[in-house]
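Here is the structure we will look at.
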Amino acid sequence: MGSGRLYLAVAVGGFRRYATYRAATAAGVFTNTVFGVILVYTYLALWDEKPHLGGYGQAQAVTYVWLGQCLYATLAIQGGGAEKDLMERIRTGEIAVDLYRPADLQLWWLAGDVGRALFQMLGRGVLPFLFGAVFFPMALPTEITPWLAFVVTLLLATVVSFAIRYLAALSVFWLMDGMGVNQALMITGIFFSGMVLPLNAFPGAFGEIVRVLPWAAQLQMPADVLMGETDPWRAYAFQAAWAVVLLAAGRLVQSAATRRVVVQGG
Amino acid sequence: MADTNTDPSTQAGADTDAFIELDGVEKVFDVRKKTGFLKRERRQVRAVDSISFTVPRGEMVGYIGPNGAGKSTTIKMLTGILTPSGGRLRVAGIDPSRERTRLAHRIGVVFGQRTTLWWDLPLLDSYKLMHRMYRIPDARYRENLDRLVELLDLSALLDVPVRQLSLGQRMRGDIAAALLHDPEVLYLDEPTIGLDVISKARVREFLRELNAERGTTVLLTTHDLQDIEQLCSRVMVIDHGRLMYDGPLAGLHEVGDSERVLVVDLERELPPIEVPPARVVKVEGPRQWLAFPAAESAAVLVARVAAEYPLVDLSVREPDIETVIAKMYAEQAERAIS
């Protein structure tokens, strides 16, 4: 199909675009490894005090940490994916060029972000994870099925993550600047995705709420699927539902934005 | 508001060659201005105010005006990314804002200050993307790419990341990207902005050839009047969203009521020459500057000066359109005041 090949080309471009920054990638690998080590010891101390916190054993907690470091850049949990470029293009008016193209704006950016995610996974995510697997005891499955299910949830997680960031980026059509939105994205992303602590460990009603927010689809779901803590089909359904809702919302906002807003810069 | 529902039967019969048609097109923006802590004042800005013109297939037209005149707004409506507030607009018989994607396959756009190229990747990657985006058949893509690479001298640049290209190189790269799918019309928004003399000449020469050989319709907005002088036989002047002039370039001079200047070098210093209707505007030693109406014959004037004064050398300076347009604006403003 013609348009399939277009978006494949866009995804390849997204992959290659991030692949050009080798020093940044190397620095990222180093940072994620160091943070992983710090977090692992923090978690181990915590799990020592409170064994089976959130239903995880110590090995599971360690696995969760290294998954977090692996997916941190992959899912652009604190932002910094395609939405960053999009915001900049809206702010400078460069978006006008994207709009006259015979392509769908949302699919275009989604494809680019999927390409980016794949590169971040391979270039930046895998190494810290392997480091963790070599030096710390992890709770990893030995059969192939959970790994395959993990790949599916990862794909869905990427789409949900993109959909959240795409909505945030579109707000720049009205706000004219993305600084505040980026800050909000970073804080909500890190906290509600469970980068600080697994969402399973959040207590009471607050925990109940946090576990049904769209950010739960990002790190918590893939981790639970890999470690067999949840039924994969439940995870797929949860992620797909949020993906559909958020992408549809993105479409609505996109059509409102392009209809009413003056394209900046004359 | 202009009537948008003309009888379709008469439309087809009228000027079938009109490729771009604007009939009373308007674009009104709501601008909110802060007037107090929480108070906002709503004001309407008419960026384009009832503009009508047609461009036949294969013509190369200059679209000029000062900053904020409404040039870019017009182009954005022609590409379909802005919807007109009123009036009727057709490009190749298509309403751009309704069928933006369908029209996109038939038009090419180059914004001088924006780029369609993929910033971090080699130039060729952007062209591959165009190949997929416009679904260009493989054979035609290769043929067009080879031709554009040759004409725009891009062969050494194809593997260079776009961010490393100079402005002139990037501009040529952008023009090629806009033409890979054989568009019937090319909109150029300030294509020579910021380019050096050689790059400008190169871009202009390419555009001339494109128009002559492939019959591509070209609409060119620019601040550089040399672009217009060298490329366009027809020019439209827009200011405050209104079309102030539409006609041949030469006609601008008459409208602007402009003057040419005859510069004469005499054998020695002399009192100002008297040859009406010319008048001396400047004297510097033996050199004198005589202004005379642009419509008058320079030959007659020169003959008279040569007969009555000791003439050594002379030259005639044509008015530049810049002055003509500036004059036109000034007159418009005067009329508005009185």
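Read-outs throughout are calculated quantities, based only on the coordinates presented, and are distinct from any laboratory measurement. Since we're looking at a predicted model, the values are computed, not measured. FYI the Cβ positions are ideal-geometry reconstructions off the backbone, even for glycines, and counts take in every protein chain you see.
Quick notes on this structure:
- ³J(HN,Hα), Karplus 6.51/-1.76/1.60, whole Hz, each residue of the range A:198-209, x for Gly, Pro: x, 4, 4, 8, 6, x, x, 4, 4, x, 4, 5
- R0 of 60 Å, Cβ-Cβ distance A:Asp104-B:Ile337: FRET efficiency to nearest 0.05: 0.75
- Label positions at A:Ala205 and B:Arg242, each projected 7 Å from the Cα along the C-beta direction, are separated by 6.5 nm.
- Peptide ranges B:176-182, B:75-81, B:101-107, A:62-68 listed from the most packed, as the mean C-beta count within 10 angstrom indicates: A:62-68, B:75-81, B:176-182, B:101-107
- Amide H partners (placed H, <5 Å) of B:Glu59, local residues excluded: B:Val218
- Per-residue mean of C-beta atoms belonging to partner chains within 10 Å, peptide A:17-27: 1
- Computed from Cα positions, the angle between helix B:123-133 and the longest principal axis of chain B comes to roughly 60 degrees.
- Percent RCO, i.e. relative contact order, over chain B, from Cα pairs under 8 Å lying at least 6 residues apart: 17 percent
- If R0 is taken as 56 Å, the Cβ-Cβ distance between B:Asp146 and A:Val126 corresponds to a FRET efficiency of 0.85.
- Derived from the Cα gyration tensor, the three semi-axes of the equivalent ellipsoid of the range A:124-266 are 33, 16, 16 Å, largest first.
- Neighbour counting of Cβ atoms within 10 Å sorts the residues B:Met60, A:Met179, fewest neighbours leading, into A:Met179, B:Met60.
- Placing dummy labels 7 Å off each Cα toward the beta-carbon, the span from A:Trp174 to B:Val316 is 6.3 nm.
- Simple spin-label estimate for B:Ala298 and B:Asp159 in nanometres, 7 Å along Cα-Cβ: 5.2 nm
- When peptides B:122-132, B:42-52, B:27-37 are ranked by their average number of other Cβ atoms within 10 Å per residue, the highest-first order is B:122-132, B:42-52, B:27-37.
- Diffusion constant of the range B:259-318 at 4 °C, which comes from Stokes-Einstein with the Kirkwood Cα-pair radius and 1.567 mPa s, µm²/s: 115 µm²/s
- Amide H contacts of B:Thr222: B:Tyr63, B:Gly65, B:Glu190, each under 5 Å away and 5 or more positions distant or on a separate chain (H built 1.01 Å from N in the peptide plane; Pro and chain starts excluded).
- Computed Kirkwood radius, in angstrom, where 1/r is averaged over Cα pairs of chain A: 19.2 Å
- Going by neighbour counts of Cβ atoms within 10 Å, the residues A:Tyr18, A:Tyr72 line up, fewest first, as A:Tyr18, A:Tyr72.
- Taking packing as the residue-averaged number of other Cβ atoms within 10 angstrom, the listed peptides A:113-126, A:238-251 run from highest to lowest as A:113-126, A:238-251.
- Taken about its Cα centre, chain B carries a charge dipole of about 1760 debye when Lys and Arg each add +1 at the Cβ and Asp and Glu each add -1 at the Cβ.
- Against the main long axis of the alpha-carbon atoms of chain B, helix B:298-308 sits at an angle near 20°.
- Estimated [θ] at 222 nm from DSSP helical runs (n ≥ 4, -39500 (n - 2.57)) normalised by residues in chain B, nearest 500: -10500 deg cm²/dmol
- Peptide A:90-103, shielding by other chains (average Cβ, 10 Å cutoff): 6
- With the cut-off at under 14 Å, measuring from each backbone N in the range A:15-55 to a point 7 Å along the Cα-to-Cβ line of A:Arg234 picks out A:55.
- Per-q log10 I(q)/I(0), the protein assembly as shown, q = 0.07, 0.10, 0.11 Å⁻¹ (Debye; single scatterer per alpha-carbon; no solvent): -0.59, -0.97, -1.08
- Panel order for B:Val197, A:Val10, A:Val181, by other beta carbons found within 10 Å of each beta carbon, from fewest to most: B:Val197, A:Val181, A:Val10.
- Estimated FRET transfer efficiency when R0 is 35 angstrom, pair A:Glu49-A:Val245 (beta carbons, to 0.05): 0.35
- Across chain A, the mean sequence separation of Cα contacts (distance under 8 Å, 6 or more residues apart), normalised by length, yields a relative contact order of 27 percent.
- Once the chain from B:Glu254 to B:Trp119 is taken as fully extended at 0.36 nm per residue, the excess over their C-alpha distance is 44.0 nm.
- Antiparallel DSSP beta bridges within chain B, as percent of all bridges there, nearest 5: 70 percent
- B:Arg279 long-range amide H proximity, modeled H, under 5 Å: B:Ala291
- Shielding by partners - mean other protein chain Cβ count within 10 Å, residues of B:73-85: 3
- Taking Cα atoms only, the orientation of helix B:167-179 departs from the longest principal axis of chain B by about 60 degrees.
- Integer Hz, Karplus 6.51/-1.76/1.60 couplings in order for the range A:239-252, x for Gly and Pro: 5, 5, 4, 5, 4, 5, 4, 6, 5, 5, 4, x, 4, 4
- Rh by Kirkwood over Cα pairs, then Stokes-Einstein D for chain B at 0.692 mPa s and 37 °C, µm²/s: 143 µm²/s
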